[in-house]
Amino acid sequence: MKRLSNPWRSATTRLLAIYGGFFGVWAIVLLSVVYWDTSQYLSDEAERLLGERAEYFASVDPGQLRERLETTYEFDLLHLNAYGLFDSAGKHVAGNIPAIPQGLLPDGHSRVYQERFDGSDRPRNSTRILAIRLHNGFELVLSRDAGLIDRLHALISRAIMWGLSLTIVPGLLGGVLLSIRPRQRIRGLQSASDRIVSGDLRQRLPLSGHDDEVDHLAGIVNRMLDEVERLMFEVKSVCDNIAHDLRTPLTHLRAGLYRLQQQTPAGDERAGPIDRAVIETDDLLARFSALLRVSELKDEHRRAAFGEVDLVDVLQQVHDLYEPLAEEKQLAFKLEIAGPASVVGDRYLLIEAFSNLVGNAIKFTPERGNVVLRLALQPEGPRVDVIDSGIGIEPEQREAIFGRFYRVDRSRITPGFGLGLSIVEAIVRLHGFDVFAADAEQGACLTVRCWSSIQQPRSTADLKVGRSV
């Protein structure tokens, strides 16, 4: 099950980030509209004032023009306006604009220049300038400082930057802070779900008591788990009771057949059917014992007796146990140990699990084949592989081989009743490990990852080719 470890992947963080982004964009649009309308109004107003002044001075008598110009600009206390009067040859006659700006035409239309022309030492601002041709051939240049528009632009730009920073940054930080509590609840749900997945159906998802959406969802899942636990308990009880109840009469039947077998002479024609009946009865008893064994391994209380187990010692004991059987079948049975490794578990259950895997490998490997029992070390923990050169299994059957009584078609000619891997799967799940079928150069490979299978979920890329019991 994937852990929610990145706070930026939280739904609360994403929603707040999206909301903050929309709010920031809307603030930019709003301030941009305000800036555009205000600057357009001020520009139009400056152009109108320049136009009115130009019309006024164009109507003044040339003899009084210089006096009127000086009088008018003496009352300009903010020094926003400037003028320059030039003769027909372009020579400066009067005013604080010493020269005609380059490219300015005397057509009465204003233009904006990003510099000052009145010779003042004030900060450079944009300037709106127009020029007109007077009746006496002189040229009059009028200008008005556009610094107010520039300052408005700077003011709105700062407002946009502050608006973005005060919207996005607190939004992201708020998203992280507000996502802490939901992530804590999700971790609690994950922890309970991990225990449920590992087989403890008595666990339930925790409720916060706030009666919110998550509590409603957890309540639905808990009610579903109640029903699943009830149904599974009923099925398990029926299966266990059948296996347990039938084992006693089968034992009596087997005892009676054994006595009859001992009393029947070797040459009697009834000896063969009686022998076969004894063998079939033994098979039935073995099946019921295996079923009860699987049910016993599903009991989570067995974990209370877990302790540290040396995997090298366990695998060495399994190898020593099955080496004579492999030699009898002329198989090359190798034990490969990458290094020391230990796990927390039950030593005897692990020996039983690995013995089942090795026994299967030897049983399904033809004579003069190869079987390898390998211990590999990975960053997550130790891994045990049982590799053989046997018959293998089709990829579509690789999940089903761990089910009870399941046998692949190619293995039905081999003695067995399909419960060995069910016992292995029960032992592995009891320890919190993971078992799956993987690829091998030929035959198959069964792998037990001796670390939490909940943290390392089984992927379809890992599950390749195996074979059943």
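Say we look at the range 35-59 and pick out the residues that are among the aliphatic types (A, V, I, L, M) and at pLDDT below 80; which of these is surrounded by the most Cβ atoms within 10 Å (Cβ to Cβ)? Spell out the reasoning first.
So the first thing to find is which residues in the range 35-59 are among the aliphatic types (A, V, I, L, M), and the list is 42, 46, 49-50, 54, 58.
Among the residues that remain, those that are also at pLDDT below 80 are: 42, 46.
Numbers: 42: 15, 46: 21.
Checking each candidate, the answer is 46.
How many residues does the range 70-108 contain that are under 17 Å from residue 56 (Cβ atoms) and either free of Cβ contacts under 8 Å to residues at least 40 places away in the same chain or assigned to a strand (DSSP E or B) (or both)? It would help to see each step written out before you state the result.
Looking only at the range 70-108, we keep the residues that are under 17 Å from residue 56 (Cβ atoms), and these are 70-76, 80-85, 94-95, 106, 108.
Applying the additional criterion that residues be either free of Cβ contacts under 8 Å to residues at least 40 places away in the same chain or assigned to a strand (DSSP E or B) (or both) yields 70-76, 81-85, 94-95, 106.
Qualifying residue count for the region: 15.
Would you point out which residue out of 201, 205 is closer than 30 Å to residue 428 by Cα, in a loop (DSSP other than H, G, I, E, B) and modelled with pLDDT under 80? Steps first, answer last, please.
Working: 205 fails: modelled with pLDDT under 80.
201 is the lone residue from the list that is closer than 30 Å to residue 428 by Cα, in a loop (DSSP other than H, G, I, E, B) and modelled with pLDDT under 80.
Before we move on, is residue 95 modelled with pLDDT of 75 or more and either of a type outside the set (Phe, Trp, Tyr) or not assigned by TED's automatic domain parsing to the domain that holds residue 38 (or both)? Please lay out each step first, then the result.
Details: modelled with pLDDT of 75 or more: yes; either of a type outside the set (Phe, Trp, Tyr) or not assigned by TED's automatic domain parsing to the domain that holds residue 38 (or both): yes.
It is true that residue 95 is modelled with pLDDT of 75 or more and either of a type outside the set (Phe, Trp, Tyr) or not assigned by TED's automatic domain parsing to the domain that holds residue 38 (or both).
Can you tell which of 387, 337 is in contact with a Lys or Arg (Cβ under 9 Å, 6 or more places away or on another chain) and buried (at least 21 other Cβ atoms within 10 Å of the Cβ)? It would help to see each step written out before you state the result.
Details: 337 fails: buried (at least 21 other Cβ atoms within 10 Å of the Cβ).
Unique residue meeting the criteria: 387.
Among the residues of the range 444-466, which ones are buried (at least 19 other Cβ atoms within 10 Å of the Cβ) and either of a type in the set (Lys, Arg) or modelled with pLDDT under 80 (or both)?
Matches in the range 444-466: 449, 453, 466.
I'd like to verify a number: residues in the range 327-342 that are farther than 17 Å from residue 385 by Cα and either in contact with a Phe, Trp or Tyr (Cβ under 7 Å, 6 or more places away or on another chain) or of a type in the set (D, E, K, R) (or both), how many?
3
Quick one: residue 335 ticks every box in (1) at pLDDT below 90; (2) in a strand (DSSP E or B) bar one, so which box is it?
That leaves (1) as the condition not met.
Restricting to the range 252-278, and then to whatever is loosely packed, with under 13 Cβ neighbours inside 10 Å and hydrophobic (A, V, I, L, M, F, W, C), can you tell me which residue is nearest to the chain's Cα centre (by Cα)?
Looking at residues that are loosely packed, with under 13 Cβ neighbours inside 10 Å and hydrophobic (A, V, I, L, M, F, W, C), I get 255.
The values are calculated or read from the model by the stated rules, or taken from the named source; none is laboratory data. Quantities reported herein were computed from a predicted structural model and do not represent experimental measurements. As a convention, Cβ positions derive from the backbone with ideal geometry for all residues, glycine included, and neighbour counts pool all protein chains shown.
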